[in-house]
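Notes follow the structure.
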Amino acid sequence: MTGQTERLHGERAIRSIVIAGGGTAGWMAAAMLARRLDKQPVQITVIESSTIGTVGVGEATVPGIRDFFRELGVTEREVMAATKGTAKLGIEFVDWKRPGHSFFHPFGLYGMRSRGVAFHHYWQKLRSAGDPVELADYCLATVMAKRNLFMLPTDRPVHDLLFFDWAVHFDAGLFAQFLAARAVAGGVRRVDATITNVRINGETGLVDGVDTACGKAIDGDLFIDCTGFRSLLLGAALGSGYEDWSNLLPCDRAVAIPCERAGPLTPFTRSTAFAQGWQWRIPLQHRVGNGLVYASRHLSDDAAIDTLRSRLEGAPLAEPNLIRFRTGHRRDFWRGNCIGLGLAAGFMEPLESTSITLIQTGIEKLLALFPDRDFDPALASEYNRSTTLEYERIRDFLLLHYWANDRRGEPMWDQCRDTALPDPLAHKLRLFRANGSLVRYEWESFHDPSWLSMYAGFDIAARSHDRAADYFSVPDLQSALARMRESIGKAVALAEPHDAFLRTYGVG
């Protein structure tokens with residue numbers, strides 16, 4: 001029976017995968033599929049038109065990208081050297097709570113647990129007793145970032161105070177080229193063509209193939225839609241509708257202009273709020289990535305371009321790239337024999353660098369649920385369920401940034417504070433305010449330290465702490481936490497300036 005099952009499965013196995021569109025999403029998918037399906041009789045084809053540009057956002061990542069590198073069989077050093085990359089310890093948020101105020105979202109832990117009690121309860125107890133030390137001072141990643149320092153984390157830190165993680169900034173165009181070269185070397189076929197038509201099978205409802213402007217028809221078994229906002233296969237041809245979250249997140253436009261660097265080569269992304277939205281700053285070795293994300297009902301496109309130009313730190317290196325978007329996602333990410341990735345699947349503004357994360361997890365879920373040519377609906381159902389949850393969790397984390405602001409007298413921000421929160425986010429806030437409890441949902445991209453950084457950054461305080469924290473007296477805690485800060489200081493002394501690290505690491 002086992003042999004017969006294997007034979008039948010082999011007869012129905014996927015023989016060809018067509019990836020419509022290149023860019024970051026298309027080439028991440030192609031490179032990883034080629035790697036994981038190596039030595040299997042599967043032809044992977046990427047259709048990418050040299051006449052169609054890509055959005056080119058997604059220059060900042062989160063630490064999970066390094067898992068992708070490892071799965072692909074490349075090192076951080078290789079990627080950073082090929083993409084003019086830099087290190088990232090987190091994101092600095094400037095003027096989000098109110099003008100003149102800033103805080104940091106790090107890739108690291110705060111303090112140390114003791115007697116089964118999370119550190120933030122001890123910190124909250126001292127805070128209530130009048131201790132002025134900020135939560136940020138108990139995170140190694142934050143302290144390094146504030147000083148523009150960096151070092152590689154140790155594989156086995158002796159305690160939590162020394163634990164931190166890191167991600168990379170890179171040139172998205174160079175990253176796609178790097179992946180394309182590996183994918184093609186691994187047997188992926190690259191077709192330079194513009195898709196003009198998607199052929200749907202009238203009996204099965206599946207995609208049979210696509211037609212191109214050069215007259216070439218490309219058929220396949222499994223299709224991955226990486227055609228950007230157009231979503232030519234999943235949205236336009238297969239009719240997967242769109243879940244629009246414009247009522248929750250206010251911004252619907254972005255303009256990007258790279259410039260020469262004038263400031264320090266910081267090991268972090270910076271997000272600066274202004275009256276009608278926010279600005280990103282992503283430092284690369286050869287330039288700085290800048291963008292203005294804004295609400296078009298409060299700011300015109302021309303005014304946004306002028307505003308960004310006036311805020312550049314150096315000479316512009318390209319013309320403005322204007323991006324119109326609707327925050328949200330396709331109702332079905334997987335329909336029939338087609339899966340959407342990247343902008344074809346949905347869009348979450350780049351406030352927390354989740355664009356590439358969603359591509360990466362989409363690929364991981366596809367591989368875990370990989371179909372045969374029967375395309376069992378249970379596989380698509382689970383993919384859609386889990387991906388919808390992932391998008392919703394990210395949406396709620398982004399929404400907290402807007403909702404928690406204290407920027408008074410600015411229409412966009414005033415409206416954000418009045419937004420009715422989705423129930424899962426409202427429950428999180430109620431629970432934390434009650435006694436500092438942290439709840440983690442299925443498919444959360446952001447862990448407890450990330451939520452703590454937001455709560456502390458926006459002064460969202462718990463009314464009480466875990467009573468088990470009262471085992472230690474205030475003086476005992478003050479002494480213990482002072483030693484923690486001293487240990488962090490000793491660790492920071494081992495780091496070096498970010499630009500010096502890049503040279504030492506062999507990528508700068």
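The values are calculated or read from the model by the stated rules, or taken from the named source; none is laboratory data. None of these values were measured; they are calculated from a predicted model. Note: ideal-geometry Cβ built from the backbone for every residue, glycine included; neighbour counts use all protein chains shown.
Could we say that SER445 is closer than 22 Å to HIS329 by Cα, surrounded by fewer than 20 Cβ atoms within 10 Å (Cβ to Cβ), touching a Phe, Trp or Tyr at 6+ places or on another chain (Cβ under 9 Å) and outside the structural domain of ALA368 (by TED's automatic domain parsing) here?
yes
Output the strands (runs of 3 or more DSSP E) that fall wholly within the range 198-291 and possess 1 or more residues being over 20 Å from the mean Cα position of the chain (by Cα), modelled with pLDDT under 95 and surrounded by 20 or more Cβ atoms within 10 Å (Cβ to Cβ), or say none.
none
Only residues that are outside any strand (DSSP E or B) and surrounded by 16 or more Cβ atoms within 10 Å (Cβ to Cβ): list them for the range 161-173, please.
Those that are outside any strand (DSSP E or B) and surrounded by 16 or more Cβ atoms within 10 Å (Cβ to Cβ): LEU161, LEU162, PHE163, ASP165, TRP166, PHE170, ASP171, ALA172.
Among the numbered criteria (1) outside the structural domain of VAL158 (by TED's automatic domain parsing); (2) closer than 23 Å to TRP245 by Cα; (3) not β-branched (Val, Ile, Thr), which single criterion is violated by LYS428?
Exception for LYS428: condition (1).
In contact (Cβ under 8 Å) with a residue 24 or more places away in the chain and either among the hydroxyl-bearing types (Ser, Thr, Tyr) or farther than 22 Å from ALA461 by Cα (or both) - does that describe any residue in the range 421-436?
Within the range 421-436, none of the residues are in contact (Cβ under 8 Å) with a residue 24 or more places away in the chain and either among the hydroxyl-bearing types (Ser, Thr, Tyr) or farther than 22 Å from ALA461 by Cα (or both).
Can you name the residue in the range 296-336 that is in contact with a Lys or Arg (Cβ under 8 Å, 6 or more places away or on another chain) and within 30 Å of VAL207 (Cα to Cα) and is also surrounded by the fewest Cβ atoms within 10 Å (Cβ to Cβ) among such residues?
ARG324
Could you tell me whether any residue of the range 426-447 is within 22 Å of LEU162 (Cα to Cα), touching a helix residue (DSSP H, G or I) at 6+ places or on another chain (Cβ under 8 Å) and not hydrophobic (A, V, I, L, M, F, W, C)?
So far as the range 426-447 goes, no, none of its residues is within 22 Å of LEU162 (Cα to Cα), touching a helix residue (DSSP H, G or I) at 6+ places or on another chain (Cβ under 8 Å) and not hydrophobic (A, V, I, L, M, F, W, C).
Of all residues in the range 452-506, which are of a type in the set (Val, Ile, Thr), over 21 Å from ARG147 (Cα atoms) and touching a residue at least 60 places away in the same chain (Cβ under 8 Å)?
Answer for the range 452-506, where residues must be of a type in the set (Val, Ile, Thr), over 21 Å from ARG147 (Cα atoms) and touching a residue at least 60 places away in the same chain (Cβ under 8 Å): just VAL474.
Picking from ARG70, ARG77, which residue would you name as being over 26 Å from ARG433 (Cα atoms) and free of Cβ contacts under 8 Å to residues at least 60 places away in the same chain?
Going through ARG70, ARG77 in turn, the sole match is ARG70.
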